[in-house]
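The values are calculated or read from the model by the stated rules, or taken from the named source; none is laboratory data. Please read these numbers as outputs of a predicted model, since none were measured by experiment. Cβ: placed from backbone, ideal geometry, glycine included. Neighbour counts: every protein chain shown.
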Amino acid sequence: MIIAEGKPIKEILAMIEAYDKIIVAGCKGCVTVCSTGGEKEVGILASALRLARQAQGKPLETKEITLERQCDTEYLEPMREIVDAYPAILSLACGAGIQFLAEKFRKHPLLPGVDTQFIGVTEEQGVWTERCQACGNCVLDRTGGICPVARCSKSLFNGPCGGSKGGKCEIDSQVDCGWQLIYDRLKELGQLDKLEIILPVKDWSKNRDGGPRKRVREDLKI
Amino acid sequence: MEKFEPIVIAFCCHYCAYTAADLAGTMRLQYPYNVRIIRLPCTGKVDIRHLLEVFEKGADGAYVAGCLEGDCHFLKGNFRAKKRVALAKQILEDAGIGGERLEMYNMSAAMGPRFAEVAREMTEKIRKLGPSPIKKNAERKAHSAERKEEQTAEHITQKV
């Protein structure tokens, strides 16, 4: 899922300074699962903003709404019914959801309530870690299911580098060396011979280097 | 100016602080009437939204009173509440209300005197801090509206 982190309240307050009422829009997708932009977080943030503005003597009216997903047109309908009564939308969805709202509600300034961080997993309750960088050309079959692009700090394809010490990365002693993980996993699987296969040069054009990406499935188009 | 009487909300666990409040009553202990109790099945039930809402509704202070650490009827409820109170304090601080207006206490059902002591301690603390900034603004506004009305009345009288 996409992991995001709530922006500091002071930053959001500065963003909404010009408005006396706003919509606080959450998303029931990834940001709900990573406890950043779901119904509950929308309630907490809206309450905090109202309190802060009351304390400043400039009361704020908030409309709380949490859409099924902000990245799908059909789920934006509940928003259409209320949007005209408010001058701006503060979205707690990931960057994709916020941009999609901006495209669909062209008269409204869209303000981000979160910083979108990475594609990751819930390692334990309250702990999320990065697993994928959406490089567009998966090599996990050859690296024991551990991604050298996302898990190696340098995204090396021929690691580990000289900065790997005791299975940890030189950038931070708490960060595992991605290539150590790959080696250990392949050893477990009895597939160390895979390390001897010379990988062809990776096609980075499928990554962000090729510009904004688009996927079309003609069979699904209406 | 009238003497400020704070409104303090106490979120009390049914198995400890609420029973301690009952005991305080049975022991005929005096504690400030400023404290309004909300009974919870466990402090683990308290949500950050509840903690913020009381301030929106006009409370000047609030506290969560749960079982002694390690004695929670539901094992970890009071630890969960402790973490939520810590986050809510941070939010209140960022919002300009003041994190010190919210606290977490632990006590057992047998600690009636402690319940009364906490109620006094928290009420006095909030009394010293003064009304919640929300109320201060509301009062200022009401005061300036009153003055405006007075001035308009004076102006009209002068004209007449």
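Odds and ends about this structure:
- Just one of the listed residues (B:PHE55, B:PHE74) is within 14 Å of chain A (Cβ to nearest Cβ) and out of contact with any Pro (no Cβ under 7 Å at 6 or more places or on another chain), namely B:PHE55.
- Selection of the stretch A:97-117 for residues being in contact (Cβ under 8 Å) with a residue 24 or more places away in the chain and surrounded by 16 or more Cβ atoms within 10 Å (Cβ to Cβ) yields A:GLY97, A:ILE98, A:PHE100, A:LEU101, A:PHE105, A:HIS108, A:LEU111, A:PRO112, A:GLY113, A:VAL114, A:THR116, A:GLN117.
- Of the set (1) among the acidic types (Asp, Glu); (2) within 14 Å of chain B (Cβ to nearest Cβ); (3) surrounded by fewer than 19 Cβ atoms within 10 Å (Cβ to Cβ), all apply to A:GLU41 but (3).
- Close contacts from the stretch A:147-165, counting a first residue that is in contact (Cβ under 8 Å) with a residue 24 or more places away in the chain and a second that is hydroxyl-bearing (Ser, Thr, Tyr), with Cβ to Cβ under 7 Å and a gap of 6+ residues or different chains, come to A:PRO148/A:SER155.
- Test: A:LYS63 is within 14 Å of another protein chain (Cβ to nearest Cβ), of a type outside the set (A, V, I, L, M) and within 30 Å of B:LYS136 (Cβ to Cβ): no
- When the stretch B:92-125 is filtered for residues that are within 14 Å of another protein chain (Cβ to nearest Cβ), under 16 Å from B:ALA62 (Cα atoms) and surrounded by fewer than 22 Cβ atoms within 10 Å (Cβ to Cβ), the ones remaining, listed by number, are B:GLU93, B:GLY96, B:GLY98, B:GLY99.
- Within the set A:GLY57, A:GLY26, the sole residue that is buried (at least 21 other Cβ atoms within 10 Å of the Cβ) and within 14 Å of chain B (Cβ to nearest Cβ) turns out to be A:GLY26.
- Failed item in (1) farther than 20 Å from A:LEU51 by Cα; (2) in a helix (DSSP H, G or I); (3) away from chain A (no Cβ under 14 Å), with B:GLU69 passing the rest: (2)
- Filtering the stretch B:91-98 for residues that are in the same structural domain as B:CYS13 (by TED's automatic domain parsing), assigned to a helix (DSSP H, G or I) and under 11 Å from the mean Cα position of the chain (by Cα) leaves an empty set.
- Cβ pairs under 9 Å, 6+ apart, first in the stretch A:177-189 and of a type in the set (A, V, I, L, M, F, W, C), second surrounded by fewer than 20 Cβ atoms within 10 Å (Cβ to Cβ) and part of a helix (DSSP H, G or I): A:ILE182/A:LEU195; A:LEU186/A:LEU192; A:LEU186/A:ASP193; A:LEU186/A:LYS194; A:LEU186/A:LEU195
- Among residues of the stretch A:144-189 being loosely packed, with under 13 Cβ neighbours inside 10 Å and in a loop (DSSP other than H, G, I, E, B), the one that is modelled with the lowest pLDDT is A:ASN158.
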